[in-house]
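**Student:** Sharing a structure with you now.
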Amino acid sequence: MRNRECDRTDRPVRSGRRFRMTEFAFIILPAVVLAWLGTIWLPGPQTAQNSEVAEEVSAVPDPLPATPEQWFAEIDGRIRHRETFWDALSREEVARSQIHELLNALKEGIPRSEFNPRIVRSGDHYALGIDSLGTIQSFEFIRKNALETRFVVTRTNGGLVARKEQIPLDRRIEVVTGEIRSSLWNALSESGENQHVLNVKMARIFEYDIDFMVDCRTGDRFTLALEKFYKDGRFLRYGDILSAEYQSARKKRQAFLFESADGHTAYYDSNGKSLRGLFLKSPLNYRRISSGYSNRRFHPILKKYLPHHGIDYAAAYGTRVWATAPGVVVFRGWRGALGNYVEIRHRNGYKTGYGHLSRFPRGLKVGANVKQKQTVGFVGSTGRSTGPHLHYNFFVRNGKRYRLVNPAGFANRSRAPQLSPEQMADFRQQRDRLLALFDDPATLLATNLQAPP
């Protein structure tokens, strides 16, 4: 038998292989042990750090989806030539649905008699406030020649609401003076003021006492203290004439506007006597007096001298004719040479007549009551007439009959109630303040007030 030891010793020894495995063991085993010991000895700090990181990660909110930037735009514009309200807003790229909503709000909030979007003019101003979604938030509209009024629309509780507003204006009291060289009209024009407006205003103040078409004389002077309204330094319109003075060679006439405690407003002279008389000085706005009151006038048609107991006022065909005093219609119809004729009986024994009318107003008939300055006819050339004019008669009762007199010579009397003693005290204070302006015409009073409606 072979000896085992001999066999073992005789087998080749693989010393190199055994050495490498042993080296690998000595390297790997310590590393494994160290890793295992680390998991046992260092669990707290590692776990805490991981949990804090986890909490931080979970605390970060998820990113929100991107949204468009919010903005608000204000658009100022004007209506262009031959442009409609709808065209203007469409040009500003306003959505159709928004224009519809705006039109509905205007219709509901503002009467059509005050503002109709279908009726706009070139130069009218508008302002739009639109947000980033294209929704109208505000709207404003101001007419070209009505800068004291604006129409405003605002979004309230999700809907548009429209209203009318008065724009605060700058109110100034200014003094205007002038001298008559040819006519009041030309004198007002030379003063730099609007003769159309002020001529009418002055005529209404003195309409019971002065006929500026015939009573003005060269050298007569006038002084006015009047309201003028401005917006941002731009003149808009005239207000009331607060006081007026007309100085002729024979007489000085003064008028002061006064409002009593009960709200009644009227013009009074310097003594507090009302300027309102029984009869107006003239029955219409006319061009000239073509024939005056005369006992012997050459008739242009009959070619002979006849009495002309009335006044002929030349005026444009169709000019409105008004009653010079309140009364009752006693005749309406055709009266020979006078053509279409109206006669009115007044209190205290007076009558007036209006001839050569083209037509009568609807509803005027015998027995009807008429007010002062109510229309009773229109200028024509009916009857014996050479052209459109009004023949005006003035009657005064003499016993049981009436006789024709010259209306220009009629002494007009005040028929308005006089001021009470308490009202007279307030009137004198206002009168004195206005007279102080007359003494210094360069004086200007300015107050910021809301424009009256």
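The values are calculated or read from the model by the stated rules, or taken from the named source; none is laboratory data. As the structure is a prediction and not an experimental result, all values here were calculated from the model. Positions of Cβ are backbone-derived with ideal geometry, glycine not excepted, and every protein chain shown enters the neighbour counts. Areas reflect the complete protein model, heavy atoms only, side chains present, ligands, DNA and RNA absent. Shrake-Rupley method; radii C 1.70, N 1.55, O 1.52, S 1.80 Å.
**Student:** Which of the numbered conditions does Tyr246 fail, given that it passes all the others? Conditions: (1) open to solvent by 20 Å² or more (accessible area, probe 1.4 Å); (2) in contact (Cβ under 8 Å) with a residue 40 or more places away in the chain.
**Tutor:** Every condition holds for Tyr246 apart from (1).
**Student:** Name the residues in region 196-208 that are more than 17 Å from Arg288 (Cβ to Cβ) and either within 25 Å of the chain's Cα centre (by Cα) or surrounded by fewer than 18 Cβ atoms within 10 Å (Cβ to Cβ) (or both), would you?
**Tutor:** Our first condition is that a residue be more than 17 Å from Arg288 (Cβ to Cβ); within region 196-208, this holds for 196-198, 200-202, 204-208.
Answer for region 196-208, where residues must be more than 17 Å from Arg288 (Cβ to Cβ) and either within 25 Å of the chain's Cα centre (by Cα) or surrounded by fewer than 18 Cβ atoms within 10 Å (Cβ to Cβ) (or both): His196, Val197, Leu198, Val200, Lys201, Met202, Arg204, Ile205.
**Student:** Given the conditions (1) open to solvent by 30 Å² or more (accessible area, probe 1.4 Å); (2) over 22 Å from Gly409 (Cβ atoms); (3) of a type in the set (Val, Ile, Thr), report the number of the one that Val214 does not fulfil.
**Tutor:** Against the list (1) open to solvent by 30 Å² or more (accessible area, probe 1.4 Å); (2) over 22 Å from Gly409 (Cβ atoms); (3) of a type in the set (Val, Ile, Thr), Val214 comes up short only on (2).
**Student:** Also, I was wondering about something else. Taking the condition of being within 13 Å of Asn393 (Cβ to Cβ) and touching a residue at least 60 places away in the same chain (Cβ under 8 Å), how many residues in region 328-374 meet it?
**Tutor:** Residues meeting the conditions: 4.
**Student:** Quick one: Phe410 ticks every box in (1) under 28 Å from Ile210 (Cβ atoms); (2) modelled with pLDDT of 90 or more; (3) of a type outside the set (Lys, Arg) bar one, so which box is it?
**Tutor:** For Phe410, the exception is condition (2).
**Student:** Okay, moving on. I want to confirm something. Restricting to region 263-274 and keeping residues that are outside any strand (DSSP E or B) and within 28 Å of the chain's Cα centre (by Cα), which single residue is surrounded by the most Cβ atoms within 10 Å (Cβ to Cβ)? Even if it seems obvious, please write down each step before you answer.
**Tutor:** Quick first cut of region 263-274, residues outside any strand (DSSP E or B) only: 263-264, 269-273.
Next cut, within 28 Å of the chain's Cα centre (by Cα) only: 263-264.
Values: Gly263: 6, His264: 11.
Going through the qualifying residues, I end up with His264.
**Student:** Name the single residue, out of those in region 88-109 being loosely packed, with under 13 Cβ neighbours inside 10 Å and in a helix (DSSP H, G or I), that is modelled with the lowest pLDDT. Break it down stepwise before answering.
**Tutor:** Here is the first cut: in region 88-109, the residues loosely packed, with under 13 Cβ neighbours inside 10 Å are 91, 93, 96-97, 100, 108.
Narrowing the set further to residues that are in a helix (DSSP H, G or I) leaves 91, 96-97, 100, 108.
Working: Arg91: 89, Arg96: 93, Ser97: 94, His100: 94, Glu108: 93.
By that ranking, first place goes to Arg91.
**Student:** When you check Ala187 against the structure, is it closer than 30 Å to Ser291 by Cβ, of a type in the set (Gly, Ala, Ser) and open to solvent by less than 30 Å² (accessible area, probe 1.4 Å), yes or no? Before you say what the answer is, go through the steps one by one.
**Tutor:** Numbers: closer than 30 Å to Ser291 by Cβ: yes; of a type in the set (Gly, Ala, Ser): yes; open to solvent by less than 30 Å² (accessible area, probe 1.4 Å): yes.
Answer is yes for this residue.
**Student:** Let me ask you something else. For the subset of region 112-133 comprising residues that are acidic (Asp, Glu) and part of a loop (DSSP other than H, G, I, E, B), which member is nearest to Ile99 (Cα to Cα)?
**Tutor:** Kept after step one, since they are acidic (Asp, Glu), are these residues of region 112-133: 114, 124, 131.
Then drop every residue that is not part of a loop (DSSP other than H, G, I, E, B), which leaves 114, 124.
Working: Glu114: 20, Asp124: 17 Å.
Restricting to residues being acidic (Asp, Glu) and part of a loop (DSSP other than H, G, I, E, B), the top hit is Asp124.
**Student:** For region 305-327, give me each residue that is surrounded by fewer than 15 Cβ atoms within 10 Å (Cβ to Cβ) and without any contact (Cβ under 8 Å) to a residue 60 or more places away in the chain.
**Tutor:** Within region 305-327, the first condition is being surrounded by fewer than 15 Cβ atoms within 10 Å (Cβ to Cβ), and the residues that meet it are 305-307, 316-318.
Scanning region 305-327 gives Tyr305, Leu306, Pro307.
**Student:** Can Ser132 be described as loosely packed, with under 13 Cβ neighbours inside 10 Å and either in contact (Cβ under 8 Å) with a residue 60 or more places away in the chain or in contact with a Ser or Thr (Cβ under 8 Å, 6 or more places away or on another chain) (or both)? Spell out how you get there, then give the answer.
**Tutor:** Working: loosely packed, with under 13 Cβ neighbours inside 10 Å: yes; either in contact (Cβ under 8 Å) with a residue 60 or more places away in the chain or in contact with a Ser or Thr (Cβ under 8 Å, 6 or more places away or on another chain) (or both): yes.
Yes: the conditions hold for Ser132.
**Student:** Right, next: Take region 373-398 and flag every residue that is at pLDDT below 90 and either open to solvent by less than 30 Å² (accessible area, probe 1.4 Å) or of a type in the set (S, T, N, Q) (or both).
**Tutor:** Ser385, Thr386, Gly387, Asn398
**Student:** Still on this model: Which residues, counting only those in region 135-154, are within 22 Å of Arg91 (Cβ to Cβ), open to solvent by 30 Å² or more (accessible area, probe 1.4 Å) and free of Cβ contacts under 8 Å to residues at least 40 places away in the same chain?
**Tutor:** Thr135, Ser138, Glu140, Arg143, Lys144, Arg150
**Student:** Any idea which residue in region 134-150 is farthest from Ala105 (Cα to Cα), counting only those that are small (Gly, Ala, Ser) and part of a loop (DSSP other than H, G, I, E, B)? Spell out the reasoning first.
**Tutor:** Step one: filter region 134-150 for residues small (Gly, Ala, Ser), giving 134, 138, 146.
Filter again for part of a loop (DSSP other than H, G, I, E, B), leaving 134, 146.
Numbers: Gly134: 17, Ala146: 21 Å.
Checking each candidate, the answer is Ala146.
**Student:** Among the residues of region 164-197, how many are over 23 Å from Asp232 (Cα atoms) and free of Cβ contacts under 8 Å to residues at least 60 places away in the same chain?
**Tutor:** Restricting attention to region 164-197, the residues satisfying the condition of being over 23 Å from Asp232 (Cα atoms) are 177-191, 195-196.
When the remaining residues are screened for being free of Cβ contacts under 8 Å to residues at least 60 places away in the same chain, the result is 178-191, 195-196.
Within region 164-197, residues that are over 23 Å from Asp232 (Cα atoms) and free of Cβ contacts under 8 Å to residues at least 60 places away in the same chain number 16.
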